[in-house]
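Coordinate-derived values only; no laboratory data. Since we're looking at a predicted model, the values are computed, not measured. Quick reminder, even Gly has a Cβ in these numbers, built from the backbone with ideal geometry, and neighbours come from all protein chains shown.
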Amino acid sequence: MNESSPRPTARSASITSHHPHARAAIVDTAASLMYHRGIAATSIGDVARASGAEPKDLRRHFRDKSELVQAVIDRELTVVLDGQDTTEAITSWDGLERWVSRVVDAQPAEDGPFACPLGSLATDLQDSQEYRPALAAAFRTWEGHLAAGLRRIQQRGELDATANPDRLAASLLAAVQGGYLLASVHGRIEIMRDVLDDAVAALRRYQA
């Protein structure tokens, strides 16, 4: 995840529409280009050249750039959730602490830059109404995984019954995004750890 996974590199080998992984390879290449250049500066032609796909083959998978951007959003959500498989292990406060450590330790370098793939897309597309529903849905899915973990803690009787897991998950995810931003600005991953540790400490106010 990047959350933490290294950004994919452009492929030099030719990709045809008959290759079983052709679509995924194109989306990986598009995600890399959009991450480094920005979405507006990345064209369908750029993706075709970098992936080694013929433009006509690329258009067999995606009618236009809009569909390709949507696929990149879906891809980045998958990267985030695959990298946070420990969300399923959030069944206790210790499990939540391990999830925080996983998020921080997954960063590729101590001095950054630090960035969440979904957060980067949301920033790049903040003025694009077309993609707002897809981005909102992606973040809701992410929140849902965290909320499910908090519910498991609640079901064990370790989280106050009056606490709202959905609301707490949203605040925790906000801390994650804020942690990425501040760590990147200051070039220090310790800031992200401090932000998330404080967020968990705030959640513990509801510890039963």
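Overview of results
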| item | result |
| --- | --- |
| Interatomic Cα distance distribution for the stretch 89-176, bins of 10 angstrom, percent | 15, 40, 30, 14, 0 |
| Built amide H within the under 5 Å cut-off of Thr91, gap 5+ | Leu96 |
| Hydrodynamic radius (Kirkwood) for the chain, which is based on Cα pairs only, to one decimal in Å | 18.1 Å |
| Computed helical MRE - 222 nm, the chain, DSSP H runs ≥ 4 contributing -39500 (n - 2.57), nearest 500 | -20500 deg cm²/dmol |
| Amide H partners (placed H, <5 Å) of Ala53, local residues excluded | Ile15 |
| Residues Trp93, Trp99 arranged by fewest to most Cβ contacts within 10 Å | Trp93, Trp99 |
| Relative contact order computed over the chain (Cα-Cα under 8 Å; 6+ residues apart), in percent | 23 percent |
| For the chain, size of Cβ-based charge dipole, Lys and Arg +1, Asp and Glu -1, in debye | 560 debye |
| Acute angle (nearest 10 degrees) that the helix 165-186 long axis makes with the longest principal axis of the chain, alpha-carbon atoms | 60 degrees |
| Degrees separating the helix 132-155 axis from the principal Cα axis of the chain, which is the longest one | 30 degrees |
